[in-house]
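Have a look at this one before I ask anything.
The values are calculated or read from the model by the stated rules, or taken from the named source; none is laboratory data. Owing to the predicted nature of the structure, the values given are computational and were not obtained by experimental measurement. Virtual Cβ from ideal backbone geometry, glycine too; neighbours counted across all protein chains shown. SASA here: full protein model, heavy atoms, side chains in, ligands and nucleic acids out. Shrake-Rupley method; radii C 1.70, N 1.55, O 1.52, S 1.80 Å.
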Amino acid sequence: MRIFDAHFHIIDFDFPIIENQGYTPPSYIVTNYEQETAHLNVLGGAIVSGSFQGFDQGYLLKALKQMGPAFCGVTQLPFTVTDDEILNLHNNGVRALRFNIKRGGSEDLSKLDYFARRVYDLVGWHSELYIDAKELPEIASTIEKLPAISIDHLGMSEEGLPHLLKLVDKGVHVKATGFGRVELNVENAMKSIYTTNPDALMFGTDLPSTRAKRPFEVADIALVQQLFDEKAADKILYSNALKWYFK
């Protein structure tokens, strides 16, 4: 089964690392990721900036250069960033903007409407939200009107799932990631999202699973294969995310 890993982190202490909510992550460089996934058929993926990396771009540009053009970056930026800086990141493989509402370290959510439109209009990036879906009703009217949005980690909570599904029905994508960090029935959430929009669900390992109660396991991939037929599993594990990031 081919995989596009839609969500993983590279943590390189040669670049700034910021303690976040009392947490400092472990080192996890490109060679660590490649070793841990060597037995999987990972054909590409998305390196996602974490709360502990703030607005640093150095680690991401280095990692993208190491991993090659099949991989792209998801970064955090201040809304004061210049167009030239965004264009430079795009030319070096960055393909999305992240808002980390759950942990912080990114631009404030009040800038979502302006900033998501700006990066989409300039370079075609979508914006990614790390948010508990139970908080989505407060910003749903904004999200519905934005050109391209994805939500991390299945929306995190059982309480949030109905709100998430309403947005999935309107074109929002969802990452099937972090099964060991969510407070919901993973099987039911994935089936409900796929039924609502077969193009929306995108699998990621979430490696190295920072702060998760349980780290990524190969069984997480097997679960997708068990729940869905081969065609649907390929969409979730590979083609949906490939089209989303490299559209």
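Return the single residue from GLN53, GLN225, GLN66 with maximal mean-square fluctuation; model: Gaussian network over the chain, springs between Cα atoms under 10 Å.
The residue that fluctuates most here is GLN66.
Further question: Amide H neighbours of VAL48 under 5 Å, counting only residues 5+ apart in sequence or on other chains, H built in-plane at 1.01 Å?
PHE8, HIS9, ILE10, VAL74
Moving on to the next point. What ranking do 12-18, 151-157 get when scored by the average of other Cβ atoms within 10 Å per residue, highest first?
Details: 12-18: 14.9, 151-157: 25.7.
Put in order of decreasing packing, that is 151-157, 12-18.
Same structure, new question: Once amide H atoms are placed 1.01 Å from N in the peptide plane, what residues at a sequence separation of 5 or more from SER157, or on another chain, have their amide H within under 5 Å of its amide H?
Those lying under 5 Å, H to H, from SER157 are ALA133, LYS134, GLU183.
Indicate, rounded to the nearest 5 percent, the antiparallel portion of the DSSP beta bridges found entirely in the chain. Working shown, then result.
Numbers: 2 of 27 bridges.
In the chain, approximately 5 percent of DSSP beta bridges are antiparallel ones.
For the pair TYR23 and ARG211, how long in nm is the line joining their label points, each one 7 Å along Cα→Cβ?
Reported label-point gap for TYR23 and ARG211 is 0.3 nm.
Quick one: net charge of GLY73's neighbours, Cβ under 11 Å, K/R +1, D/E -1?
Taking every Cβ under 11 Å from that of GLY73, the sum is +4.
What nm value, rounded to one decimal, do you get for the distance between LEU40 and ARG117 when each label is placed 7 Å out toward the C-beta?
For the pair LEU40/ARG117, the computed spacing is 3.7 nm.
Here's a follow-up. Using a 1.4 angstrom probe on heavy atoms only, work out the carbon and sulfur share of the accessible area of the stretch 1-160 in %. Working shown, then result.
Details: 3140 of 6530 Å².
Result for the stretch 1-160: 48 percent of the exposed heavy-atom area is carbon or sulfur.
Now, a different point. Please compute the net charge surrounding ASP152, taking Lys and Arg as +1 and Asp and Glu as -1 over other residues with Cβ under 11 Å from its Cβ.
Details: positive: ARG98, LYS102, ARG103, LYS175, ARG181; negative: GLU128, ASP132, ASP206.
Result for the neighbourhood of ASP152: +2.
Now for a different question. How many Å² of accessible area per residue for the stretch 23-153, probe 1.4 Å?
About 40 Å² of surface per residue is accessible.
Can you tell me the order of 76-88, 186-198 when each peptide is scored by its average per-residue count of other Cβ atoms within 10 angstrom, highest first?
186-198, 76-88
Provide the per-residue ³J(HN,Hα) series for the stretch 233-241, in order, calculated from phi with Karplus coefficients 6.51, -1.76, 1.60 and θ = phi - 60°, each as a whole number of Hz, with x at glycine and proline positions.
Karplus values, whole Hz, x for Gly and Pro: 4, 5, 4, 6, 7, 9, 6, 4, 5.
Residue by residue through the stretch 35-51, what is 3J(HN,Hα) from phi via Karplus (6.51 cos²θ - 1.76 cosθ + 1.60, θ = phi - 60°)? Round to whole Hz and write x for glycine and proline.
Result, ordered by residue: 5, 6, 10, 4, 8, 9, 8, 7, 9, x, x, 10, 7, 10, 5, x, 4 Hz.
Rounded to whole Å, give me the distance from the Cα center of the stretch 135-176 to that of the stretch 185-231.
Measuring centre to centre over Cα atoms gives 16 Å.
All other residues with a Cβ under 13 Å from the Cβ of GLY22 taken together, and with Lys, Arg as +1 and Asp, Glu as -1, what is their net charge?
Result for the local shell: +1.
Taking θ as phi - 60°, what are the ³J(HN,Hα) couplings along the stretch 214-229 by the Karplus curve (6.51, -1.76, 1.60), each to the nearest whole Hz, with x for Gly and Pro?
Values per residue, Gly and Pro as x: 9, x, 3, 10, 4, 4, 5, 5, 4, 4, 4, 5, 6, 7, 10, 6 Hz.
Sticking with this structure for a sec: Let me have the 222 nm mean residue ellipticity of the chain computed from DSSP H runs of 4+ only, each contributing -39500 (n - 2.57), with the sum over all residues rounded to the nearest 500.
Counting only the DSSP helices, I get -9500 deg cm²/dmol.
Something else: Does the chain classify as rounded, prolate or oblate by the C-alpha gyration tensor (a ≥ b ≥ c root eigenvalues; a/c under 1.5 gives rounded; else a/b over b/c gives prolate, otherwise oblate)?
On the way: a/c = 1.37, a/b = 1.10, b/c = 1.24.
Judged from the Cα gyration tensor, the chain comes out rounded (a/c under 1.5).
How do 139-150, 19-30, 39-50 rank on mean C-beta neighbours within 10 Å, highest first?
Ranking the peptides 139-150, 19-30, 39-50 by packing returns 39-50, 139-150, 19-30.
By accessible area of protein heavy atoms, probe 1.4 Å, what ranking do LYS231, LYS247, LYS111, LYS102 get, highest first?
Reading off the accessible areas and sorting them downward yields LYS231, LYS247, LYS102, LYS111.
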